[in-house]
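Report on one structure; see the data block that follows.
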Amino acid sequence: MTVTGEMATAPAVPRRPGLLAWVAALAVLVALWLAAGRLTWLVAWPDGWIVPLRYWISDAMHWLVRDATFGLFTFKEFTRAIAWVLNLPLQACLVLLSRGFEVPLGAATLAVPPLSWLGVLGAMTFASWRVGGRRLALLVGLCFGYLVVFGQWNSAMVTLSSILVAVPLGIVGGALLGIAGYRNREVERAMTPILDLMQTVPVFAYLIPVLFLFGFGPVSAMIATIVYALPPMVRITILALRAVPAEVVEFGRMAGCTERQMLWKVLLPSARYGLMVGVNQVIMLSLNMVIIASMIGAGGLGHDVLAALRRLAIGAGLEAGVAITVLAISLDRLGQAIASRGATPVHVLRARGFVARHGTLIGILGILAGAYLLAFLVPALRHYPDALTVNTGPFFDKLVEWVNVHLFTYLDAVKSSLLIYVLIPFKRFLVGLPWPGVALLLAVAGWRIGGPRLAALVAALAVFVAVTGNWEKAMISAYLCGISVVVAMLIGLPVGILAAGSERIHRIAQNTVDTLQTLPSFVYLIPVVMLFQVGDFSAMIAIVAYAVAPAVRYTDHGIRGVPGEIVEAARMAGCRRGQLLWKVQIPLALPEIMLGVNQTIMMALSMLVISALVGTRDLGQEVYIALTRADTGHGLVAGLCVACIAIVADRLIGAWAARRREELGMEQRA
Amino acid sequence: MPSPTVAAATRPPQAEAGPSGAAGVKLTCRGLWKIFGEGGRRFLERHGGAPTSEQLAAGGLIGAVRDAGLEIHDGEVFVIMGLSGSGKSTFVRCLSRLIEPTAGELIFEGRDLLAASERELTEIRRHKMGMVFQHFALLPHLTVLGNVAFPLEVQGVGRAAREARALEVIELVGLKGRESYFPRELSGGQQQRVGIARSLAVEPEIWFLDEPFSALDPLIRREMQDEFLRLQRVLRKTIVFITHDFDEAIRLADRIAIMKDGRIVQIGRPEDLVTSPATQYVAEFTRDVSRAKVLSVRSVMSAVPESAGPESAGPESDGSGAAGGELAGELPAAARIGEVARRVLRAERPFAVVDEAGRVVGRLEPGQVLEVLAPGEAAPGPGGEGGVKAAQ
């Protein structure tokens, strides 16, 4: 047995001969790298060897759409029937919020207009006031006011309609699956890998099959949104139900509850705060999906952003992007307020009477009806007059022009030097690595961290990428993602450390991070493109901006989570601030910080595909191209490769953090 | 050694009197095992139903309850006491089959509980069992009234009937006026009162309390113990009470079972445990107990020989004229030493001890009382061989 450094420090725990394995793997990697000059298949997987998985998938998809049948009806008829059913509530919402409808009365038609903007604005503000007080009312009022004044109202209502349908379906569907998983370990075990894949495969990749099965249009977009927003709800439901104290469950059994009574009267009510987190997630993810969904026909704000981005109309894109954000923020905060409010005790309410108990509902209906009727007298309340809308388009066009004229040299210098000295060399290095060597190195890492099963998993995933002919693209993805993560950590770590040390910075950072996370990912692209044009550098900036949030959050949280007693003990031992940080807080917070790195990687990968719009050349671009060509197999396989990278990173880091936490004697995260 | 023999062997003759005159047995369990881990039942069979600790460890299994046996009598407070990890919580859950025992026998009111179907078990739990939990286990979305009425609600009792009953129990536990509060608005002690009220709402035949006061502050705990004793005086329930606090056990119990590593080490009345601990482990617990509060006059006195009994039974032995000489008076055999110590020590003379029927059964010397109050310091009593019974 070889003696490693760790063995010397912890002789009681028998260690695997790890150092030797690392050295051997590195030696093999270097040897392969040297040999790669002659044996090109080590670097570039030969075309002839590629497993044509993408064609198999495409063929299967075609069979499904064209030939599959249940006997009485075909598979396609089945999916279209689902789409038709889902279309009904969507149309109802659209009529109510955006379109109105017309009743034919002989020759004339009676036009029933949609709800007045003033009514919706007023009702939302009133509801916010009732639930969350004056501050929330102000926020929501301003948000909806923005939609009106900036001429985003109609698009926003189209988007809101699809959210209003997608969110409840996502919540109910997710909760039902979660309940099934909670009740039956087998079901959970079967669902977990599928959920993992759904959360790591880029959304674009499954837009394509959705497109095939459900056709182009708002309903498909809504289905894609539900599919995207569902997995966290499933997981959170399982977690929330598991988190119900064992004693409460035992009480339910001692009281003689049946299975159904247990679920509806004991489990779900006890887990309601946990479940609200899931509801919140579904809302946020649905809004995150708005732009992407517009690629398969969602319309509304997403469509506006996408169209503006394609025209490079910064002002219009920003306005619509902000409108999505504003919608997200108000729905999110309203949801949180409802969740944290809880029920007002009955002994308080009973004193007030019927109107007080149902005041919110009565108020909302009253405002909606009042404004609706008023709008017949004052047409400006029906359609906000165009003359009064604010348009920032010309301003931003001027700004971009000014930036390009005056700052171009500086920006370009920064961009070029970073590209030449950092980005491109790193990219060359990664692309030049032989795949067997990388797979081996990953396997060794997996073996050292989590044992043979993890080793087998990561190696298999790496080989999958190579075998399906995506190795080079995957390495470009790894490069772009890796460098973005490094930059994000360079920003996130110090900010997180500062935030952990000061209540004021903590609050500021918290708010900034919250806002960053509510922005739809596409919005990041707009200013970046404005300043740096298209290319890897712009993609990197956008990815960093999107992915920096967890880096800050987890660092802050990790350092704050170090037990106060340990910090006090260190200070009594005479640690200076620096020593305290480096010798106590950071080592103890490291597992948490690494989970932050993990989250950062996940977000970077999900942004990778979106940044394909600004001209990258990685897996994201492959997925995007596949979408534009409606090539199911191509898109799914490239998407699966992204998922492979994500799963490798996630499992390695997750296993490391779990082991480290155990070594430090900290309780495991749920 | 298997616990039934332990129970029999360590129950001193005094225990024959039985707790508070109860007759029937409510719940019996024999040879109960709970083994956590894969294939526990087969493992148990393979090892002839009695694997040793080493065998369990080698099999990677945990023997949470090992060969436990006891009888719980009608109307008694039976306390199961053990430190954390001793298996007491698992054991009490086995008694209600919240946790399925691996092996053993469980008889409740004459029927085999382990043979009951899930449906029968639900019925038994609905109508015959109540349980109070350490962390209250209240439903956060229901008011006090809703929580207390909940067990009736799941039985399908109508709203008016169940709320009327709930209001009764709420008043019983002293929470009248708080019916429409939510659990989060109540203090810990109040929350546990809700838990108690809720478990009593169905008028259970057997009442399980799993460390009900352990999560409370010491002062509140004391108050709740008094409350518990008050309730029990009114209700006369059959109670299985779990605790890790020996003082609490002594205070509340008619009988105590001490558990260690999944086994029942000893079963007996509080004073039996103090006077004749079965093992060193039990002795450790009893050492710091205030003996004067636990020991009865009967367990300390020197017994009068059976034949000598009637003769020495001076009906009015107030003065010094009675047989046995210079007796200072009479003491009831069931009284605690703490209650009579002052009188005995003041008198500086022995007292006659009489049982419930008024027969003289022994005599109590001041030296014996002193030995209880300050062990080891008192000079041996005059009645040589009848000295101090307390085992040291």
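A short reminder: the numbers here are calculations on the coordinates, not readings from a lab. Bear in mind that the values here come from a model prediction, so they are computed numbers and not experimental data. Heads up, the Cβs are rebuilt from the backbone with ideal geometry, glycines too, and the neighbour counts pull from every protein chain shown.
Divide by every residue of the protein assembly as shown the summed helix terms, -39500 (n - 2.57) for each DSSP H run of at least 4, and state the resulting mean residue ellipticity at 222 nm, rounded to the nearest 500 deg cm²/dmol. Kindly include the intermediate steps, with their values, before the conclusion.
Details: 47 runs with 647 residues, N = 1062.
Dividing the helical sum by the residues of the protein assembly as shown leaves -19500 deg cm²/dmol.
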Site A:Arg577, offset 7 angstrom along Cα→Cβ, radius 16 Å on amide nitrogen, limited to segment A:473-504, gives A:494-504
According to a simple spin-label model (label point 7 Å from Cα along Cα-to-Cβ), what is the distance in nm between A:Thr192 and A:Arg311?
5.0 nm
Near B:Lys128, which aspartates and glutamates are there with a Cα under 14 Å away, not counting those fewer than 8 places off in the same chain?
B:Asp74, B:Glu109, B:Glu120, B:Glu203, B:Glu205
Which one, A:Leu213, A:Thr258, A:Tyr384, projects farthest toward the positive side of the charge dipole computed for segment A:117-400 from Cβ point charges (K/R +1, D/E -1)?
A:Thr258
Taking A:Lys398 as the anchor, which aspartates and glutamates have their alpha carbon closer than 18 Å to its alpha carbon, excluding any fewer than eight residues away along the same chain?
A:Glu319
³J(HN,Hα) computed for each position of segment A:512-519 - Karplus, 6.51 cos²θ - 1.76 cosθ + 1.60, integer Hz, glycine/proline x:
4, 5, 4, 5, 4, 6, 8, 5
What whole-number distance in Å separates the alpha-carbon centres of segment A:123-137 and segment A:416-490?
49 Å
If one computes the Cα centroid of segment B:220-273 and of segment B:115-186, what distance in Å separates the two points?
24 Å
Between the Cα axis of helix A:53-66 and the main Cα principal axis of chain A, the angle (0 to 90°, nearest 10) is 30 degrees
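Assuming R0 = 35 Å, what is the FRET efficiency of B:Ala57 and A:Arg659, from their Cβ-Cβ distance, to the nearest 0.05? Each step should come with its number before you reach the end.
Numbers: r = 25 Å, r/R0 = 0.71.
For B:Ala57 and A:Arg659, the calculated efficiency is 0.90.
Tell me the Kirkwood radius of segment A:472-663: reciprocal of the mean inverse pair distance over distinct alpha-carbon atoms, in Å.
On the way: mean 1/r = 0.0563 Å⁻¹.
So the Kirkwood estimate lands at 17.8 Å.
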In debye, nearest 20: dipole of segment A:117-400 around its Cα centre with unit charges on the Cβ of K, R (+) and D, E (-)?
820 debye
Pull up all non-local amide H partners of B:Ile80: gap of 5 or more, or a different chain, and H-to-H distance under 5 Å with H placed in the peptide plane.
B:Phe241, B:Ile242, B:Thr243, B:Ala257
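Among the listed pairs B:Lys176/B:Lys293; A:Lys415/A:Lys473; B:Lys26/B:Lys293; B:Lys237/B:Lys293, which have their C-alpha atoms separated by more than 26 angstrom in this model?
Numbers: B:Lys176/B:Lys293 34 Å; A:Lys415/A:Lys473 23 Å; B:Lys26/B:Lys293 29 Å; B:Lys237/B:Lys293 24 Å.
Cα-Cα > 26 Å for B:Lys176/B:Lys293; B:Lys26/B:Lys293; rest within.
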In degrees, nearest ten, helix A:153-183 long axis to first principal axis of chain A (Cα):
60 degrees
Can you spot the aspartates and glutamates whose alpha carbon is less than 14 Å from B:Lys88's alpha carbon? Ignore those fewer than 8 places along the same chain.
B:Asp67, B:Asp210, B:Glu211, B:Asp245, B:Asp261
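For the protein assembly as shown, would you read off the P(r) tail past 43 Å as a percentage of all alpha carbon pairs? List each step's numbers first, then the result.
Details: 310549 of 563391 pairs.
That fraction is 55 percent.
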What list of ³J(HN,Hα) couplings, whole Hz, do you get for segment A:538-545 from phi and the Karplus terms 6.51, -1.76, 1.60, once you set θ to phi - 60° and write x for glycine and proline?
4, 4, 4, 4, 4, 5, 4, 4
With Cβ to Cβ distances under 13 Å as the rule, what net charge do the other residues near A:Glu259 carry (K, R +1; D, E -1)?
+4
Relative to the first principal axis of the alpha-carbon coordinates of chain A, what is the inclination of helix A:435-450, with its axis defined by its Cα atoms, in degrees from 0 to 90 and to the nearest 10?
80 degrees
So, with points 7 Å from each Cα along the Cβ direction, the B:Glu168-A:Phe429 label distance in nm works out to 8.0 nm
Search the structure for amide H atoms under 5 Å from the amide H of B:Gln134, placed 1.01 Å from N in the peptide plane, and list their residues when 5 or more places away or on another chain.
B:Asp210
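Starting from the coordinates of the alpha-carbon atoms of segment A:117-400, obtain the Kirkwood hydrodynamic radius over all distinct pairs and give the value in Å to one decimal.
Numbers: mean 1/r = 0.0473 Å⁻¹.
Kirkwood radius, segment A:117-400: 21.1 Å.
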Taking R0 as 25 Å and r as the Cβ-Cβ distance between A:Ala81 and A:Ile625, the FRET efficiency 1/(1 + (r/R0)^6), rounded to the nearest 0.05, comes to 0.20
Place a +1 charge on the Cβ of each Lys and Arg in the protein assembly as shown and a -1 charge on the Cβ of each Asp and Glu, then give the dipole magnitude about the Cα centre in debye, rounded to the nearest 20.
2260 debye
For segment B:139-156, just list the computed ³J(HN,Hα) in residue order, Karplus coefficients 6.51, -1.76 and 1.60, θ = phi - 60°, integers in Hz, with x standing in for Gly and Pro.
7, x, 8, 10, 6, 3, 4, x, 5, 5, 7, 4, x, 6, 4, 5, 6, x
The longest stretch of chain A containing none of the trypsin sites (Lys or Arg not before Pro) that sit in a DSSP loop with at most 12 other Cβ atoms within 10 Å is A:39-349
